[in-house]
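Okay, structure first, notes after.
The values are calculated or read from the model by the stated rules, or taken from the named source; none is laboratory data. Small disclaimer: the values here were computed from a predicted structure and weren't measured. All Cβ positions, even for glycine, are placed from backbone atoms using ideal geometry, and neighbour counts span all protein chains on display. For the accessible areas, the whole protein counts, side chains as well, though only heavy atoms, and no ligand, DNA or RNA atoms are used. Shrake-Rupley method; radii C 1.70, N 1.55, O 1.52, S 1.80 Å.
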Amino acid sequence: MASSPMETALATEVALWAKRGGLLFKQARHAASMNQKALASVSGTSRTTLSAYEHGRKSPTLETAGRILDAAGFRLALEPKVAFTTRASGGHTFHVPSRLPRLPIAAALGVVRLGDRVYDLADRDARRAAYTALLCEGRPQELLDHLDGVLLVELWDELALPADIRAEWWPLVEEARHEAGVMN
């Protein structure tokens with residue numbers, strides 16, 4: 001019996017998770033300055049099994065994944081997925097997320113290069129300029145990497161945006177304001 005499109009998509013997603021999960025374990029292990037033997041020992045698994053996880057040959061249970069990441073000093077967390085729609089404006093395209101992303105503080109207030117410009121996001125004026133550029137020209141990954149929803153809402157009224165871009169982003173900003181109890 002042939003697999004349904006949903007079953008095929010799910011199988012593809014599971015295989016992708018095994019690869020991503022393996023990379024996650026490896027990154028966590030390196031960040032903790034641990035070798036496989038040490039992390040396996042501390043997390044209660046074998047080095048061989050940890051290696052299989054890191055290379056995507058096996059997939060751990062959520063409990064096991066959480067235990068391994070915890071032993072490396074990280075936590076397993078649920079994060080909403082952000083999808084993007086592409087819109088056109090005056091011959092240019094721009095991308096609008098399904099929800100406003102949140103960033104770790106180091107990324108939200110870090111230094112970012114967009115094209116040939118460098119912005120220090122800790123500086124309000126630079127952040128305003130960077131957010132304007134991101135909303136008008138940013139690719140989805142740039143938006144996910146450099147745009148913080150809370151900081152966007154705070155700057156929203158100061159951003160010089162074309163009317164159509166402002167109109168597309170406005171519902172996200174309004175929803176975030178409503179959730180925060182900050183109504184205009």
TODO: Report which label in [x] 31; [y] 26; [z] 43 holds the value of percent of Cα pairs over 29 Å apart derived from the coordinates of this structure.
DONE: [z]
Open item on the list: For a quick check: with amide H placed at 1.01 Å from N, whose amide H comes under 5 Å from Val111's, ignoring anything fewer than 5 positions away on the same chain?
Closed with: Leu121
- [ ] List the residues whose amide H sits under 5 Å from the amide H of Ser89, counting only those 5 or more places along or on another chain, with H placed 1.01 Å from N in the peptide plane.
- [x] Phe94
Task: Distance-filtered residues of segment 118-151 - backbone nitrogen under 17 Å, label point 7 angstrom along Ile105 Cα→Cβ - done: 121-124, 148-151
Task: Cβ-Cβ FRET estimate between Ser41 and Asp120, R0 fixed at 41 Å, reported to 0.05 - done: 0.45
TODO: Would you work out what percent of the accessible area of segment 69-146, with all protein chains in place, is carbon or sulfur (probe 1.4 Å)?
DONE: 51 percent
- [ ] Enumerate the calculated ³J(HN,Hα) couplings along segment 12-23 in order (Karplus 6.51 cos²θ - 1.76 cosθ + 1.60, θ = phi - 60°), each rounded to whole Hz, writing x wherever the residue is Gly or Pro.
- [x] 5, 5, 5, 5, 5, 4, 4, 5, 5, x, x, 5
- [ ] Could you tally the net charge around Arg117, taking each other residue with its Cβ under 14 Å from the Cβ of Arg117, Lys/Arg +1 and Asp/Glu -1?
- [x] -3
Open item on the list: Students sometimes get this wrong: rank His146, His55 by accessible area, probe 1.4 Å, all chains present, largest first.
Closed with: His55, His146
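Counting Lys +1, Arg +1, Asp -1, Glu -1, what net charge surrounds Ala38 among other residues with beta carbon under 13 Å of its beta carbon? Working shown, then result.
Details: positive: Arg29, Lys37, Arg47; negative: none.
Every neighbour counted, the sum reads +3.
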TODO: Sort out for me the Cα centre separation of segment 136-176 from segment 1-37, rounded to whole Å.
DONE: 32 Å
Open item on the list: Could you tell me the calculated FRET efficiency between Glu154 and Thr48, based on Cβ-Cβ distance and R0 = 41 angstrom, to the nearest 0.05?
Closed with: 0.25
Task: Cβ-based net charge around Ala176, under 12 Å, with every Lys or Arg adding one and every Asp or Glu removing one - done: -2
Task: In sequence order, calculated HN-Hα J values of segment 157-169 (Karplus, 6.51, -1.76, 1.60; Hz; x Gly/Pro) - done: 5, 9, 7, 8, 10, x, 4, 5, 5, 4, 5, 6, 7
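Just the accessible area per residue of segment 1-94, please: how many Å² with a 1.4 Å probe?
Values: 6630 Å² over 94 residues.
Solvent-accessible surface per residue comes out at 71 Å².
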